[in-house]
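Below is one structure; the comments refer to it alone.
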Amino acid sequence: MRRKLITNHFSTFTKGLVAMFMIAAFCVPLSSYGQDPDSIPNLEERVAALFARSCTAAGCHSGPVPMMGLDLTSDKFYATAVDEASTERPELKIVDPGNSKVSYMIHKLKGQEGIVGMQMPFTGEKLTTEEIGVIEEWIDSLDDVDTERKAKSMSEVAYPFYGWKVVNLPTTRLLNAGDMLFLISHRFNPKINDGYDAFFGLDGSGIIYISLGYAITDRLMVAVGRSNSDDDVQLQARYGIAHQGGEGGWPVGVSAQTSFNWVSQDIPDRDRFGVERFKTTMQVSVTRQIGDKIGLAFVPGLLINPGHEVDGESQLVTLGLGGRYRFSRTLSVVADWAPIVSGFTRTLVFGNDIRFDTFGGGLEIATAGHVFQIILTNSVGITSDQYLRGGDLDITKAHLRLGFNIFRVLN
């Protein structure tokens with residue numbers, strides 16, 4: 001009975017895996033590989049291509065927290081740059097319509113005397129004289145400020161959460177097509193209550209998860225990662241169903257995420273590739289931003305074959321809840337909770353006895369292409385199939401461990 005049940009689960013896993021790679025194969029847009037600005041006849045489109053190549057890379061001037069508040073993505077650069085005062089030199093406009101000589105953007109691109117900070121772009125190759133000339137020509141061609149266009153562009157898509165996870169639970173945030181996401185997560189195994197002898201949880205063993213994701217389209221991203229807990233290899237796909245706000249937006253953001261996990265750890269007398277080693281997780285994230293400061297998330301989840309070491313367990317159903325409160329443009333507090341409503345099975349993760357619903361919370365710092373979370377949690381599991389099964393520490397007794405998540409956009 002157990003093998004038949006797992007075989008059905010494995011069949012679901014295989015079909016899902018094949019489907020995901022078929023989507024990946026047929027959905028890669030040619031535009032995701034970029035376009036040579038010199039091959040574009042339209043002047044403003046050439047400028048947009050230069051910004052896309054040299055300024056929005058790694059999330060510097062894109063995303064929910066662009067550097068200096070300057071978003072240079074194709075649908076936002078006009079609104080955030082044209083006739084807008086520079087943050088570094090407020091007496092100058094970033095783009096002064098019809099006057100490139102006094103536009104602070106040109107000063108920064110050329111590294112002229114009087115700029116604040118470094119010449120831009122900060123990373124990668126500087127723009128050539130000819131490329132800067134294209135931007136100067138575009139600025140000089142601007143006669144009047146198109147206020148209607150600026151207002152339409154500033155109708156922003158909401159970002160209830162800056163990170164791709166609340167703490168453990170997935171958010172609805174995606175990537176621009178062609179971008180990559182590097183994630184490193186760590187949980188210190190000792191709890192902070194162990195005191196100075198364990199240096200408040202910083203001494204001792206730890207659980208680490210490293211993954212690399214890629215955006216096939218603006219709506220679809222895939223990622224592969226591995227945790228040292230059970231040598232758990234995780235393959236994920238996230239698809240954006242709807243975004244909150246902006247053109248064509250919904251009142252909420254919605255995304256679906258599927259995770260396929262392989263427990264690859266060597267276990268005596270067990271086949272490393274046995275069907276019981278494979279698990280499937282399905283989650284739907286529904287997020288909502290309220291005002292400028294509050295973000296909420298509802299993330300129901302289903303885990304098939306929760307415990308590879310347990311026979312005859314039921315499918316696991318959770319109802320995840322998450323929230324964020326923003327103190328400033330870059331600093332927020334985040335928290336999530338994943339109560340199990342059906343199918344709990346007592347198991348071990350990293351040798352720890354799992355008995356409680358997973359909880360996590362902490363501080364989040366977001367700057368351009370980085371999101372850094374310093375957290376407290378009762379769970380050692382980081383992969384979807386592990387944290388959904390629960391945590392080993394009792395938060396009612398303030399038993400928690402330290403950890404962190406670091407997200408970095410790569411281009």
Starting from the 7 Å offset along Cα-to-Cβ, what nm value, one decimal, do you get for the label separation of LYS126 and GLU44?
3.0 nm
Rounded to the nearest 5, the percent of DSSP beta bridges in region 158-316 running antiparallel is 100 percent
Give the distance, in whole Å, between the Cα centre of region 224-275 and the Cα centre of region 296-360.
14 Å
How do the peptides 180-190, 92-102 rank, highest first, by the average count of neighbouring beta carbon atoms within 10 Å per residue?
180-190, 92-102
Which of the aspartates and glutamates could a cross-linker span from LYS93 if the Cα-Cα distance has to be under 16 Å and same-chain partners fewer than 8 positions apart are dropped?
ASP71, ASP83, GLU84, GLU136, ASP140, ASP143, ASP144, ASP146
Test of understanding: what is the full-extension gain from ASP143 to GLU309, defined as 0.36 nm times their sequence separation minus their Cα-Cα distance?
52.8 nm
State, as an integer percentage, the relative contact order of the chain based on alpha-carbon contacts under 8 Å between residues 6 or more apart.
15 percent
Total formal charge among the other residues, if their Cβ is under 14 angstrom from that of ILE375, Lys/Arg +1 and Asp/Glu -1:
+3
What net charge do the residues around LEU183 carry, taking every other residue with its C-beta under 10 Å from that of LEU183, with Lys and Arg at +1 and Asp and Glu at -1?
+2
Net charge, THR347 excluded, C-beta distance under 9 Å - Lys, Arg +1, Asp, Glu -1:
-1
The chain, helix-only ellipticity at 222 nm - DSSP H runs n ≥ 4, -39,500 (n - 2.57), divided by all residues, nearest 500
-5500 deg cm²/dmol
Helix axis angle, 43-54 relative to the chain longest principal axis, alpha carbon, degrees
40 degrees
For the table LYS76/LYS293; LYS191/LYS293; LYS101/LYS126, the rows whose alpha-carbon distance is greater than 26 Å are LYS191/LYS293
Tell me whether region 39-150 comes out rounded, prolate or oblate; compute the Cα gyration tensor, take square roots of the eigenvalues as a ≥ b ≥ c, and use a/c under 1.5 as the rounded threshold.
rounded
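Each value in this text was obtained by applying a stated rule to the coordinates, not by laboratory testing. All values reported here derive from a predicted model rather than from experimental measurement. Note: ideal-geometry Cβ built from the backbone for every residue, glycine included; neighbour counts use all protein chains shown.
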